[in-house]
Amino acid sequence: MGLFILRRFGMMLLTALCLTYIVFFMTNLYPNLEKLAKTQGNFRMSEEAVDSYLGDRGYLQATPIKYMQWLGVMPGFSKELEDGRIVGKCVRPGVAPEDTPRYCGILQGDWGFSTVSKAPVADVLGSRLANTGKLMFWVMVVMVPSALIIGVLAGMKEGSRTDRSLSTVSILSTSTPEYVSGVIFIALLASTRNGLGPWLHDMGLIEAKSLFKGTAKSAMDDANLRNFTLPVITIALYGMGYIARMTRASMAEVMTAQYIRTARLKGVSFRNVVMKHALRNALIAPFTVIMLQFPWLLNGVVIVEFLFAYNGFGMQLVTAAGNNDIEMLLAVSVVSVFVVLVTQLISDIGYVYLNPRIRIS
Amino acid sequence: MEPLTWTGSFGSIIDPVFQLVGLLFIVAVAAQFIGAYVFAPINDEVHVDGTITRDRGANAIIGTAVRSLLLALCALAAIYIVAGVFAPIGKVGIIGAVAKQFAPVWIALVATFLLSISYKRRLGLYGKLFDSTVGMIGYALLMFWVYTALFVGVFDMIAVNDPLTQLSGMKNKLPGTPLRSVEEGQYAYYLLGGDNLARDVFSRMVHGSVVVILIAPLATLFAFMVGITLGLPAGYLGGKLDTFLSFLANLVLAFPVILLFYLLVTPEIVATGIPNYMAMILFVFPIIFFAVLLNSRFYTRPHLRNPLLAGVMLVMIWTYLCAISAEGTVINILPPTLDLFDIDSGILVVFVSVVFVNSPTVFRIVRGLVLDIHTRDYVAAAQTRGEGKWYIMLWEMLPNARGPLIVDFCLRIGYTTILLGTLGFFGLGLESESPNWGNTINDGRKLLAIYPHPALVPALSLLSLVLGLNLLADGLREESLRD
């Protein structure tokens, strides 16, 4: 088991290195650098000005060298300009030249400097990740229990009416991407002119003109039912259907197993068969699915944060990518690769732990 | 002119009936749900002589009521459509006028269903689809959009206005608003309202279907070609090749899709020509696939194989060169006289990135299927006969893996549709005025709380198409499992 985890960690490291190099390569293509120079300097820069701006800051070195500097295995680029200012990879505003370290890469714990927010990447991304963590937590709280309940109820009696109607519900939810359900929810539940809000207001049931808020801006400091419900259920809805279908399939398979039949023939009540005999075995497969759902949720998070103007990790990805904020983008991809691979690892280990029939040799 | 109401004067008679039946239906469904726990379950009694006594208990009665109310609801909906198609514009309101515009689609749908149902026993898996209600509903939804795209894209029928024309005074107007000044031959209404640039929402929606129906199935097909061509040898031969390809697939899958889109589908990246190089690589796979497919089967008969392979390859390679070579891009190898068509650079980059995102998943599915059927008897039989490995992979294993692959193909078209919408939603790829659904949703979302119709119409369209594909996949899975 220890060796298995070690090997997986090695694989993770290799994948992360490859992926960050690809991101590094793509963001360091010349047209992208040109855009960066123009957004940092001014938009009417001549070609020579762009070249000298990029050259002074070390952007025109070969990509592998820049990548090594970002990793921290090569000393960071620095250069003294004609007016005596020192610019370079490790230079930060407010830090004296003699205090500037020679190496400043991931290995030194320095994630770089965001050219858009004018702040160290680690500081910016940390607070954004906390916001997204809050969102993800509530999504999980809503999504996982409801998906499991729907799946178990549907798979209990395969082909029954409950099964068919719940399966239709889960198909409907898997075919509603976040940007569709989000739009529908906002139009129906968060509008002061249409949908449910004005109607309930006229009946005197709610004080505000709309039931929920269409943006989640205020939810970053103070999340409540009014501003956080819509983003959470928008993400939860799309993932829910898939988990429910997997749970249903797994439950239906378990219910046809021999030992369930034996239990039934012994005269155990249906309720007890489901609760005591079937449920535990039926939940092994959904556990893997839920873990593998995380990378998918990451997409949903980006869409929903963008739609509801919630300042989290996803929003950071969109702004960083839109402005070619190289070091921020790299940090974002490291984080998402980490999430994907760690959840894969957890799902593998958990599967072995939950299912005694499988042993890794 | 008066603005159109939703159902017009025809609705004043039939609307109350519709509402009543709808209400009763909801009540009956609720009763059914509760009744399942309260009353005794339905129990048809089978007698010794083979006759059956139908249960007359409460649950059976509720069940009959639900079924007949649902049928009545469907019949009423059909009445709206039929009345809309035949009555003059305005009599059945917006719904009628929209139904009238879709008239060719209704005819094509009815014809398809009549033909398919009458010959369903001779049509294999496709015919079996018409045994499952879910499958039929899904197929109807899918074909609705396919026919819409066909009639709009090829015959220019359904749409009433140009999707890009902005008419004065129609900004953010509600559905059914008449035009300010109607010129000769112009349609007098904005059926589903105007968007924030005073364009016709209805016409944009139907034009948007063309983009989706064109790109999504084709991109999925290419992804399948890539996935199958690489997944078969990876699963069957194993070894270093498998390790390497699986590593690559996991690499792409570890990328968050949106980050990948942002890296690939920006104007700066298009300027470097990376999408063109990717197209060059990805479009080769169908050629490899068909070359190996034909060669592995017919290599023992050179007289048949040589002309066949030469003919197929000539056509495919020419198409390939036409597709990747375009004037003004990095790959401009074909002289203009031989270059039959150019792919728009916006569409190309969207297409390539969607294929790129989908192929690793297909690869993993195919590889898993191959590992699963590796140990079957027919594979061992073919190996004993001394068949080549490509013959075994392509002519023994692939046909036997078709069931799950067809089901996944349907699901994946739906997923591709969602991806295309995501691209549009972030304003990537196609130009911002393009009527595709993702872009329109993105345009409409800014004023969502005040004018919901410009975003809701494409959102519901996308939902119905993806739902149709998912239901179709579900029906197909059920029917193919029954074999």
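Remarks
- In region A:268-361, counting only helices (runs of 4 or more DSSP H) that sit wholly within it, the ones holding 3 or more residues that are out of contact with any strand residue (DSSP E or B) (no Cβ under 7 Å at 6 or more places or on another chain), aliphatic (A, V, I, L, M) and under 30 Å from residue B:421 (Cα atoms) span A:284-292, A:294-307, A:313-322, A:326-354.
- Restricted to region B:60-153, the set of helices (runs of 4 or more DSSP H) holding at least 1 residues that are surrounded by fewer than 16 Cβ atoms within 10 Å (Cβ to Cβ) and touching a Phe, Trp or Tyr at 6+ places or on another chain (Cβ under 6 Å) comprises B:103-118.
- Subset of region A:325-341 (residues that are within 10 Å of chain B (Cβ to nearest Cβ) and under 23 Å from residue B:427 (Cα atoms)): A:329, A:332, A:333, A:336
Listed here are the residues, each with its yes/no results for (1) among the acidic types (Asp, Glu); (2) touching a residue at least 60 places away in the same chain (Cβ under 8 Å).
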site	(1), (2)
A:151	no, yes
A:158	yes, yes
A:168	no, no
A:176	no, yes
A:180	no, no
A:190	no, no
A:196	no, no
A:203	no, no
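- Selected residue (only one of A:300, A:312, A:322 is away from every other protein chain (no Cβ under 11 Å) and at negative phi): A:312
- Per the listing B:129, B:218, B:164, the residue uniquely of a type in the set (A, V, I, L, M, F, W, C) and touching a Gly at 6+ places or on another chain (Cβ under 8 Å) is B:129.
- Qualifying residue in region A:97-104 (condition: surrounded by fewer than 19 Cβ atoms within 10 Å (Cβ to Cβ), basic (Lys, Arg), more than 16 Å from residue A:233 (Cβ to Cβ) and in contact with a strand residue (DSSP E or B) (Cβ under 9 Å, 6 or more places away or on another chain)): yes
- Sole exception among (1) assigned by TED's automatic domain parsing to the domain that holds residue B:295; (2) crowded, with 22+ Cβ neighbours inside 10 Å; (3) of a type in the set (D, E, K, R) for residue B:445, by number: (1)
- Pairs, first not assigned by TED's automatic domain parsing to the domain that holds residue A:81 and among the aromatic types (Phe, Trp, Tyr) in region A:50-69, second part of a helix (DSSP H, G or I) and buried (at least 16 other Cβ atoms within 10 Å of the Cβ), C-beta under 8 Å, six or more apart: none
- Of the candidates A:9, A:24, the single residue that is within 14 Å of chain B (Cβ to nearest Cβ), among the aromatic types (Phe, Trp, Tyr) and under 31 Å from the mean Cα position of the chain (by Cα) is A:24.
- Residue that is modelled with the highest pLDDT [pool: residues in region B:464-483 that are surrounded by fewer than 24 Cβ atoms within 10 Å (Cβ to Cβ) and at the interface with another protein chain (Cβ under 8 Å from one of its Cβ atoms)]: B:467
- Within the option set A:171, A:86, A:149, being surrounded by 15 or more Cβ atoms within 10 Å (Cβ to Cβ) and among the β-branched types (Val, Ile, Thr) holds for one residue only, A:171.
- Among the numbered conditions (1) at negative phi; (2) out of contact with any Lys or Arg (no Cβ under 8 Å at 6 or more places or on another chain), the only one that residue A:86 does not meet is (2).
- In this structure, residue B:366 does satisfy being at pLDDT 90 or above, farther than 30 Å from residue B:193 by Cβ and buried (at least 22 other Cβ atoms within 10 Å of the Cβ).
- The listed residue being polar (S, T, N, Q), more than 29 Å from residue B:387 (Cα to Cα) and in the same structural domain as residue B:368 (by TED's automatic domain parsing), out of B:243, B:300, B:319: B:319
- Close pairs from region B:1-30: first touching a residue at least 40 places away in the same chain (Cβ under 8 Å), partner among the basic types (Lys, Arg), Cβ under 7 Å, at least 6 apart: B:8/B:91; B:9/B:91; B:10/B:91
- Among the residues making up region B:246-305, a single one is among the small types (Gly, Ala, Ser), touching a Ser or Thr at 6+ places or on another chain (Cβ under 7 Å) and at the interface with chain A (Cβ under 8 Å from one of its Cβ atoms): B:254.
- Residue in region B:6-21 that is at positive phi and part of a helix (DSSP H, G or I) present: yes
- Evaluated against (1) under 23 Å from residue A:312 (Cβ atoms); (2) surrounded by fewer than 17 Cβ atoms within 10 Å (Cβ to Cβ); (3) of a type in the set (D, E, K, R), residue A:202 falls short on exactly one condition, (1).
- The set of residues from region A:36-70 being within 24 Å of residue A:21 (Cα to Cα), out of contact with any Leu (no Cβ under 8 Å at 6 or more places or on another chain) and of a type in the set (Gly, Ala, Ser) comprises A:55, A:58, A:62.
- For region B:424-461, a residue qualifies if it is out of contact with any Ser or Thr (no Cβ under 8 Å at 6 or more places or on another chain) and at the interface with chain A (Cβ under 10 Å from one of its Cβ atoms), and the qualifying residues are B:425, B:426, B:427, B:441, B:442, B:444, B:445, B:451, B:453, B:456, B:459, B:460.
The values are calculated or read from the model by the stated rules, or taken from the named source; none is laboratory data. Just so it is clear, the model here is predicted, and its values are computed rather than measured. Every residue, glycine as well, gets a Cβ built from its backbone with ideal geometry; the counts of neighbours run over all protein chains shown.
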